[in-house]
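Undergrad: Sending over a structure as structure tokens; questions will come in a sec.
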Amino acid sequence: MKKQLLAGIFGIFLAITFLGTALAEEENASTTDLQIAITSANFVATSPEKENLDDEWVEITNKGSSDVNLAGWTLADAQNHTYTFPDFALAAGAKVVVHTGEGDDDTENLFWDRSTSIWNNSGDLAVLLDPEGNMVSQYPEDEA
């Protein structure tokens, strides 16, 4: 009788442990399955820079199979200049380029609407954060 009770308790423990692990993996998968990444950048605008700010840009790609709304996501440089994404759906397999300068947002281009350069010409770090502040991607990847 004691062995059956212990076996039952152990079985319940395993079931709870398995369920907790499965739920944690599902939560982590929802973040990693997004597959949003900074895939390219140009930190140097054509001279004179102030007149060519759209030459400074960061490209973000949705490598996943589902559209992702980037509302509340942020893009920042090493000096913490921060762009907050508007209500913008990045389609599965699509790319969007975030330009430093001014312009009209569309499905392929977003504009920071800055009147001065953001990115350091000698090299910089672009960091993409989700709305909770988790780093999703950085460019170049080997910086930290």
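Undergrad: Under the rule of at least 5 residues apart or a separate chain, name every residue whose amide H is placed under 5 Å from the amide H of residue 136.
TA: Close amide H contacts, sequence-distant or interchain: 128, 129, 130.
Undergrad: Could you work out Rg/(2.2 N^0.38 Å) for segment 35-139, with Rg from alpha carbons only?
TA: 1.00
Undergrad: Work out how much length residue 113 to residue 141 would gain on full extension: take 0.36 nm times their residue separation and subtract the Cα-Cα distance, in nm to one decimal. Let's see the in-between values first.
TA: Working: separation 28, 0.36 × 28 = 10.08 nm, distance 2.59 nm.
Contour length minus the Cα-Cα distance gives 7.5 nm.
Undergrad: Work out how much length residue 106 to residue 122 would gain on full extension: take 0.36 nm times their residue separation and subtract the Cα-Cα distance, in nm to one decimal. Working shown, then result.
TA: Details: separation 16, 0.36 × 16 = 5.76 nm, distance 2.96 nm.
Separation in residues times 0.36 nm, less the Cα-Cα distance, equals 2.8 nm.
Undergrad: Spin-label point model (7 Å from Cα, Cβ direction): what's the residue 92 to residue 51 distance in nm?
TA: In this crude spin-label approximation the distance works out to 4.6 nm.
Undergrad: Antiparallel versus total DSSP beta bridges in segment 35-139: what percent is that, nearest 5?
TA: Of all bridge pairs located within segment 35-139, approximately 90 percent are antiparallel.
Each reported figure results from applying straightforward, stated rules to the coordinates on display, with no laboratory input. Because the structure is predicted, anything quoted here is derived from the model rather than measured. Neighbour counts are summed over all protein chains in view; Cβ atoms, including those assigned to glycine, are modelled from backbone coordinates with ideal geometry.
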